[in-house]
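Have a look at the structure below, then the notes.
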Amino acid sequence: MRNGVDAGRLLAADRAAVWHPYDSMPSRGRVRLVESAAGGRLSLVGPEGSSDTVLDGMSSWWAAIHGYRHPVLDQAISFQLGRFSHVMFGGLTNEPAVVLSESLVSMSPDGLEHVFLADSGSVAVEVAMKLAIQYWRSVRPKEAAKKTRMMTWRGGYHGDTLGAMSVCDPESGMHSLWTDVVSEQVFLPPPPPGFSEPVDPAYASLLREAVRDQADRVAAVIVEPVVQGAGGMRFHNPAYLRVLREATEQHGVLLILDEIATGFGRTGRMFAAEHAGIAPDIMCVGKALTGGYMSLAATLCSTQVAHGVSNGEVPILAHGPTFMGNALACSAANASLGLLLSSDWGAAVERIQGGLQQGLAAARARSGVADVRVLGAIGVVQLDHPVDVGAATEAALARGVWLRPFGDLVYTMPPYVVTDQEVSQIAEAVVAAAAAG
Ligand SMILES: *Cc1c(COP(=O)(O)O)cnc(C)c1O
């Protein structure tokens with residue numbers, strides 16, 4: 001490597017000491033070393049020191065929407081670095097955190113007025129669940145002893161901490177391994193697939209009746225709106241979200257929308273809830289919040305929820321991460337939101353959607369392919385068998401693209417800055433990876 005670091009030595013040390021996400025120790029697959037990243041591209045170095053620059057088809061898991069080393073983001077962080085990086089948030093505040101909270105309130109669906117800054121998506125989900133349970137304990141102390149469950153549909157993913165795990169799909173979340181450890185929640189069948197498929201009235205009634213019948217033990221319904229991400233990359237008709245909104249409102253249950261993957265334009269709307277024209281009581285954001293620069297997430301809530309909790313018998317929310325309101329992360333988020341709002345992100349996402357639809361169509365007729373779907377800047381090829389991740393990754397890299405398939409899925413959510421030509425290159429790589437995997 002240019003800076004003299006020995007790639008072979010690092011990769012060997014990585015294998016000996018470093019645990020990777022959803023992996024064994026040592027890793028079950030091959031891990032690649034990133035030397036540098038700029039725009040939509042990553043430079044990967046092999047153990048022998050050979051370097052290869054590839055397009056990032058994953059946006060580092062939904063996050064790097066503006067690409068890497070964006071001058072505006074780099075500069076915002078450098079500027080904040082020259083003031084201070086972090087100060088505690090108990091009893092102190094800082095400009096980047098206040099500005100960010102104001103922005104989130106003004107851009108999010110109506111009624112979300114208050115912001116709890118968390119340090120990762122999973123923590124934002126924990127905070128959302130705690131808020132919901134504590135809300136009922138505060139406003140209806142008599143009934144609330146029983147109102148402690150979350151209700152969700154299957155196929156979801158909400159993070160990896162124990163509380164978040166409890167509302168992940170029981171099968172892909174491996175609940176059997178965690179019996180008696182994660183809380184038992186109320187699961188409904190998964191939403192019928194397809195963003196533009198007609199509404200299934202039987203499923204809509206099932207949602208309505210489940211909320212009505214279990215309102216006495218359910219504090220909140222928590223779902224990912226429109227796109228279920230890591231639980232299977234499935235899309236559903238936004239009308240089901242309206243059904244949930246109406247039923248929860250009618251029966252005294254809160255609605256939590258987890259927009260950690262879908263937020264900030266990815267599905268073609270700023271927030272996926274806008275496809276349904278609804279606003280939740282509590283909303284979680286993360287992933288693309290800092291443009292992929294740093295770990296930061298937030299839980300937004302309505303005044304009803306905030307005041308309910310704050311006027312209860314225990315009038316505080318007992319949660320406060322050490323790095324809450326981190327000024328560097330908040331300054332990155334402010335720069336990222338500024339870039340997003342001053343750009344024509346809607347046109348960029350639509351352009352990527354068109355390119356993916358066109359490019360992935362080739363996979364449709366292939367044997368082994370169960371489904372091809374595109375929504376916003378998300379493209380998915382689902383196979384009828386588990387992907388051979390190693391072979392699929394190699395096939396994509398041979399076409400100059402980094403992908404990270406899982407389960408039976410080869411999928412992409414590129415940075416919004418990719419050109420039309422790069423979108424077709426990514427789509428070709430997805431098709432090739434699906435054929436190889
Ligand atoms: C990634 C994700 C999370 C968890 O976020 P982390 O930052 O990885 O803890 C929660 N919910 C959804 C929908 C996600 O996609």
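Summary table below
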| read-out | value |
| --- | --- |
| In segment 107-135, the residues that are farther than 14 Å from residue 301 by Cα and either away from the ligand (no atom under 16 Å from the Cβ) or in contact with a Lys or Arg (Cβ under 9 Å, 6 or more places away or on another chain) (or both) | 121 |
| Positions within segment 102-142 being among the β-branched types (Val, Ile, Thr) and either over 20 Å from residue 221 (Cα atoms) or in a helix (DSSP H, G or I) (or both), in sequence order | 105, 123, 125, 127, 133, 139 |
| Extreme residue, surrounded by the fewest Cβ atoms within 10 Å (Cβ to Cβ), among residues of segment 294-317 that are within 19 Å of residue 258 (Cβ to Cβ) and within 16 Å of the ligand (Cβ to nearest atom) | 295 |
| Complete set of residues in segment 153-165 that are touching a strand residue (DSSP E or B) at 6+ places or on another chain (Cβ under 7 Å), away from the ligand (no atom under 11 Å from the Cβ) and either on the phi < 0 side of the Ramachandran plot or not in a loop (DSSP other than H, G, I, E, B) (or both) | 153, 154 |
| For residue 138: the one exception among (1) within 16 Å of the ligand (Cβ to nearest atom); (2) over 23 Å from residue 292 (Cα atoms); (3) among the polar types (S, T, N, Q) | (1) |
| Enumerated strands (runs of 3 or more DSSP E) restricted to segment 231-313, each holding at least 1 residues that are out of contact with any Phe, Trp or Tyr (no Cβ under 8 Å at 6 or more places or on another chain) and more than 25 Å from residue 210 (Cα to Cα) | 297-302 |
| Inter-residue pairs, beta-carbon under 8 Å, first outside the structural domain of residue 364 (by TED's automatic domain parsing) and in segment 416-430, second of a type in the set (Val, Ile, Thr) and in a helix (DSSP H, G or I), 6+ apart | 416/349; 416/352; 418/352; 418/426; 423/352 |
| Top-ranked residue in segment 393-437 [being within 17 Å of residue 371 (Cα to Cα), touching a helix residue (DSSP H, G or I) at 6+ places or on another chain (Cβ under 8 Å) and among the small types (Gly, Ala, Ser); ranked as surrounded by the fewest Cβ atoms within 10 Å (Cβ to Cβ)] | 436 |
| Complete set of residues in segment 36-51 that are closer than 28 Å to residue 62 by Cβ and either at pLDDT below 95 or basic (Lys, Arg) (or both) | 41, 45, 46, 51 |
| Pair list, Cβ under 6 Å, 6 or more apart: segment 113-142 residue under 17 Å from residue 159 (Cα atoms) and of a type in the set (Val, Ile, Thr), other residue assigned to a helix (DSSP H, G or I) and within 16 Å of the ligand (Cβ to nearest atom) | 125/164 |
| Residue within segment 314-328 that is closer than 30 Å to residue 115 by Cα and assigned to a helix (DSSP H, G or I) present | yes |
| Matching option when the condition is small (Gly, Ala, Ser), more than 30 Å from residue 410 (Cα to Cα) and touching a helix residue (DSSP H, G or I) at 6+ places or on another chain (Cβ under 8 Å), among 59, 103 | 103 |
| Test for residue 286: is it within 11 Å of the ligand (Cβ to nearest atom) and buried (at least 23 other Cβ atoms within 10 Å of the Cβ) | yes |
| Qualifying residues in segment 234-277 (those that are of a type in the set (A, V, I, L, M) and under 19 Å from residue 198 (Cα atoms)) - the one farthest from the chain's Cα centre (by Cα) | 243 |
| Qualifying residue in segment 262-279 (condition: over 21 Å from residue 348 (Cα atoms) and within 14 Å of the ligand (Cβ to nearest atom)) | no |
| Any hit, segment 305-313, residues being charged (D, E, K, R) and either at pLDDT 95 or above or within 28 Å of residue 97 (Cβ to Cβ) (or both) | no |
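The values are calculated or read from the model by the stated rules, or taken from the named source; none is laboratory data. The model shown is predicted, which means the values in this text are computed figures rather than measured ones. Every residue, glycine as well, gets a Cβ built from its backbone with ideal geometry; the counts of neighbours run over all protein chains shown.
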